[in-house]
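Derivation of every value follows stated rules applied to the coordinates shown; laboratory data play no part. Small disclaimer: the values here were computed from a predicted structure and weren't measured. Methodologically, a virtual Cβ is constructed for each residue, glycine included, from the backbone with ideal geometry; neighbour enumeration extends over all protein chains shown.
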Amino acid sequence: MKYFILFFVVAVLTLSSCKTKKNLSNKADSSASQISMADKTLGKVSHQFRSSGCATVILVGITGQESPMILIPKDTLPQSIDVDGTEIYFKYRKLKMPQPKGCSKGIPAEITDLIKK
């Protein structure tokens with residue numbers, strides 16, 4: 001009888017926790033579709049390393065810093081945004097991969113949710 005009650009309690013707790021997780025994931029999905037500018041980073045597209053073979057980089061922290069963080073986009077940017085000096089809002093994720101050929105400075109990154117300023 002003790003084992004039956006214990007099994008019943010564990011089953012009820014397991015089922016209730018599954019429903020809670022499902023509800024939390026639905027809330028996360030709905031909030032992800034409403035992207036605010038506060039979640040994004042401001043940067044400036046630059047071609048300053050083109051002569052060395054590094055096509056496009058994004059400079060982050062342009063104002064108030066001596067040396068901005070340099071992000072190297074993993075994928076090419078859309079042509080409408082890939083213009084030297086264009087300011088953009090975006091999200092990024094640093095990648096653990098070697099720097100592309102010709103890029104001696106910068107951190108490879110996956111760039112998403114691009115919006116022109």
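On the stretch given as region 106-117, residues that are under 23 Å from A38 (Cα atoms) and assigned to a loop (DSSP other than H, G, I, E, B) total 1. Taken over region 66-75, the criterion of being loosely packed, with under 10 Cβ neighbours inside 10 Å and within 18 Å of the chain's Cα centre (by Cα) is satisfied by D75 alone.
Collect the residues in region 67-105 that are assigned to a strand (DSSP E or B) and among the β-branched types (V, I, T), keeping them in residue-number order. Matches in region 67-105: I70, I72, I88.
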